[in-house]
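Comments concern the structure below.
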Amino acid sequence: MAQVAIDTKKYLSLTDKPSEDHWQKVYGIGSKVPASGIYRCTTCGDEITSNKGDQFPPQNKTQHPCQDEKIYWELIVMTQTKGSGR
Ligand SMILES: [Zn+2]
């Protein structure tokens with residue numbers, strides 16, 4: 001599970017747009033990362049950081065124990081990058 005320190009918790013905020021696609025959808029291997037941030041594997045809970053516009057990593061490069069099942073990533077923390085707004 002992603003962590004923050006008591007002193008860095010203030011840098012996180014609840015989104016005011018939780019219905020946006022990148023919060024609602026899950027993304028398969030090789031699909032395009034919709035927003036920069038921390039993503040969680042819906043099967044094993046492994047977490048990765050990915051940048052908007054990149055591809056999610058291939059299944060054979062993930063070290064998590066659910067290799068036999070189809071892997072989907074869900075956004076758990078979106079980073080705020082200057083310029084892109086997300
Ligand atoms: Zn996994």
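The values are calculated or read from the model by the stated rules, or taken from the named source; none is laboratory data. Bear in mind the structure is a predicted one, so any value in this text is a computation, not a measurement. Neighbour counts run over all protein chains shown; Cβ positions are idealised from the backbone, glycine included.
Structure summary
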read-out: Identity of the residue in segment 36-47, touching a residue at least 24 places away in the same chain (Cβ under 8 Å) and out of contact with any Ser or Thr (no Cβ under 8 Å at 6 or more places or on another chain), that ends up farthest from LYS82 (Cα to Cα); value: THR43
read-out: Some residue of segment 34-51 being farther than 18 Å from MET1 by Cα and basic (Lys, Arg); value: no
read-out: When residues of segment 50-86 are limited to those that are small (Gly, Ala, Ser) and more than 11 Å from VAL33 (Cβ to Cβ), the one modelled with the lowest pLDDT; value: GLY85
read-out: Segment 67-82 residues that are aromatic (Phe, Trp, Tyr), paired with ones that are within 11 Å of the ligand (Cβ to nearest atom) and assigned to a loop (DSSP other than H, G, I, E, B) (beta carbon under 8 Å, 6 or more apart); value: TYR72/THR42; TYR72/THR43; TRP73/THR42
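Conditions (1) over 12 Å from the mean Cα position of the chain (by Cα); (2) hydroxyl-bearing (Ser, Thr, Tyr), marked per residue:
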site: ILE6; (1), (2): yes, no
site: PRO18; (1), (2): yes, no
site: SER31; (1), (2): yes, yes
site: ILE38; (1), (2): no, no
site: ASP46; (1), (2): no, no
site: CYS66; (1), (2): yes, no
site: TYR72; (1), (2): no, yes
site: GLN80; (1), (2): yes, no
